[in-house]
Amino acid sequence: MNDFDLSIILPAFIAGLLVLSTHVPLGMKVLQRGIIFADIAVAQIAGLGVIIAGHTDQQLLIQLYAIVSALAGAGILTLLEKLKPEIREASIGLLFVLAATGGILLLSHDVHSGEHMQDLLVGQILWVNNTQLIIAGVLSVFILTMLRLFRNRMGSAVFYTLFALAVTTSVQMVGIYLVFASLIIPAITSHGVAKFRLPLAYLVGMLGYTSGLLLSVLRDLPSGAAIVWSMAICGAGLLLLRRMKKL
C-alpha cells in the first residue's frame, strides 16, 4: 500500500488519539503504582475474551466477551495487589503467561490461528471501522470523566475497572503490543518532568502514531510495529532533550 489514502489514515489516526486519550494518564498511574506488567496482562486477558467470542461480525458480542474477560482480570489484579511487591509482580507475569498460552490452546485447531494471533498482537489499526471508533469514543469519555472524579481517591478496584474498560477496545483496534507501548512509553519518557508532563506525554504519543502511520503506509510496513518503534524513537528524542537540559 504505497499510495497515500486519507480515507484509511484518518480513521486510524482517530483510533490512535482515542487510545492515547485514556492510556497516557492510565500509564502514569501504572508507573506510579509500580505494576508495569499489569497493563500487558489485562490486555492479553481482553484478547483472550476476543478469542473466546470466536468468528463473528457482531461487534457488540465481541465487546461483551472482551469486557467480561478484562473485568475478571481486573478483579484478579485487585486481589494480587495485596501481595508483597516481589511476589505481586511475579504473579502478574504468571497471569499474563496463562492468558497468552490459553489463547494459543483455544486457537490450536483453528487453521487461521496464526493470522488471529498476529491481529491480537500487532493489531489492524488501518482497518478500524466506525462502530469500533464510536464504542471507543464513548468509553474514552466515560473513563476520562471517572479519572477526573476519582483523581484524589481512586482505590484499586476503581482503577483496575477503568483500566480494564480502556484496554478492552484498544486491544481490538491497535493490538496488545501497541497498547503496552501507548501506556508505557509516554509515561516513562515524561517521568520526572515538573511542568507540562501530561502535554509532553501526549505529544510523544501523537508524534509516534502520526509518523508510524505515515511510515507504514508509504513504506508498506506493519502499522502496529511501525508505530511502536516510531513512538519509542520520539520518546528517546524527548529523553535526549531532557538530558541536554532543554526540557
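Coordinate-derived values only; no laboratory data. Predicted model, so just to flag it, every value in this text is computed and none were measured. Heads up, the Cβs are rebuilt from the backbone with ideal geometry, glycines too, and the neighbour counts pull from every protein chain shown.
Descriptive notes on the structure:
- Over the chain, the Kirkwood radius and the radius of gyration, each from Cα atoms, give a ratio Rg/Rh of 0.96.
- Estimated from the Cβ-Cβ distance and a Förster radius of 25 angstrom, the FRET efficiency linking Leu241 and Arg148 is about 0.25.
- Residues of type lysines that Lys245 reaches as a straight line, Cα spacing below 29 Å, ignoring anything fewer than 8 places off in the same chain: Lys29, Lys195
- The label-point distance for Ile14 and Arg33, in a model that sets each label 7 Å from Cα toward Cβ, rounds to 3.1 nm.
- For the pair Asp110 and Arg197, the difference between a 0.36 nm per residue extended length and the Cα-Cα distance amounts to 26.8 nm.
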